[in-house]
1. Scanning for something closer than 18 Å to P34 by Cβ, modelled with pLDDT of 90 or more, open to solvent by 30 Å² or more (accessible area, probe 1.4 Å) and touching a strand residue (DSSP E or B) at 6+ places or on another chain (Cβ under 7 Å), does the stretch 86-94 turn up at least one residue?
2. Does I21 satisfy the criteria of being open to solvent by 90 Å² or more (accessible area, probe 1.4 Å), out of contact with any helix residue (DSSP H, G or I) (no Cβ under 6 Å at 6 or more places or on another chain) and under 20 Å from S126 (Cα atoms)?
3. Of all residues being farther than 18 Å from V19 by Cα and of a type outside the set (V, I, T) in the stretch 49-61, which is most open to solvent (accessible area, probe 1.4 Å)? Just the residue, please.
4. Only one residue in R124, R130, R59, R55 is free of Cβ contacts under 8 Å to residues at least 12 places away in the same chain, among the basic types (K, R) and under 18 Å from N5 (Cα atoms), so which one is that?
5. Given L29, L114, L80, which one is over 18 Å from D13 (Cβ atoms), without any contact (Cβ under 8 Å) to a residue 40 or more places away in the chain and either touching a helix residue (DSSP H, G or I) at 6+ places or on another chain (Cβ under 6 Å) or open to solvent by less than 50 Å² (accessible area, probe 1.4 Å) (or both)?
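The values are calculated or read from the model by the stated rules, or taken from the named source; none is laboratory data. As the structure is a prediction and not an experimental result, all values here were calculated from the model. Heads up, the Cβs are rebuilt from the backbone with ideal geometry, glycines too, and the neighbour counts pull from every protein chain shown. Ligands, DNA and RNA are stripped out before the accessible areas are found, and what is left, the full protein with its side chains, is counted by its heavy atoms. Shrake-Rupley method; radii C 1.70, N 1.55, O 1.52, S 1.80 Å.
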Amino acid sequence: MNQENDYVSYFYDKYEGRVSIGVGYDQNLSEIYPFVYEDIAGKSIGIVGLGVFRRESTRYVHIYHVGSFKNNRGDGSQILQALCFQADKYQIILSLSPISMPNGKDEPMTDERLREWYGNFGFRGSSHFRREPCLLKDQ
């Protein structure tokens, strides 16, 4: 195993709920199913789909999907903050493609605002965003 696989396993083991809708395919063409993310009180607030990816000699965890069940409450930020915190603990690179997806109810975030939001968490790039791990103070 490696730290990227350990990171993904951490989340899929911690959050047992699954959504039976695929959000992508990993490099082995295995379908990625999102887990249901729960807040500290155990309330389901969103879903996340993760997978390990390798490009040349670099491994990273790709976030295939992150979404909150209710918009404009800070749930998405809470989820992404947890993903980034654990990425720093595991010292892994995170990646994603910032694409706004409508939910059929609320007005989706503009592409510019979505890129800005991900930038607040340290993601950088254009069509493919990447976040390098930060060193935690206790390390």
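1. Of all residues in the stretch 86-94, those closer than 18 Å to P34 by Cβ come to 86-87, 94.
Adding the requirement that they be modelled with pLDDT of 90 or more leaves 86-87, 94.
Then keep just the ones that are open to solvent by 30 Å² or more (accessible area, probe 1.4 Å); that gives none.
Looking through the stretch 86-94, none of the residues is closer than 18 Å to P34 by Cβ, modelled with pLDDT of 90 or more, open to solvent by 30 Å² or more (accessible area, probe 1.4 Å) and touching a strand residue (DSSP E or B) at 6+ places or on another chain (Cβ under 7 Å).
2. Working: open to solvent by 90 Å² or more (accessible area, probe 1.4 Å): yes; out of contact with any helix residue (DSSP H, G or I) (no Cβ under 6 Å at 6 or more places or on another chain): yes; under 20 Å from S126 (Cα atoms): no.
Criteria not met by I21.
3. Initial filter on the stretch 49-61 (farther than 18 Å from V19 by Cα): 52-61.
Then drop every residue that is not of a type outside the set (V, I, T), which leaves 53-57, 59-60.
Details: F53: 48, R54: 111, R55: 125, E56: 168, S57: 104, R59: 88, Y60: 12 Å².
Filtering first and then ranking leaves E56.
4. On the way: R124 fails: under 18 Å from N5 (Cα atoms); R130 fails: free of Cβ contacts under 8 Å to residues at least 12 places away in the same chain; R59 fails: free of Cβ contacts under 8 Å to residues at least 12 places away in the same chain.
Residue meeting the stated conditions: R55.
5. On the way: L29 fails: either touching a helix residue (DSSP H, G or I) at 6+ places or on another chain (Cβ under 6 Å) or open to solvent by less than 50 Å² (accessible area, probe 1.4 Å) (or both); L80 fails: without any contact (Cβ under 8 Å) to a residue 40 or more places away in the chain.
Answer to the selection: L114.
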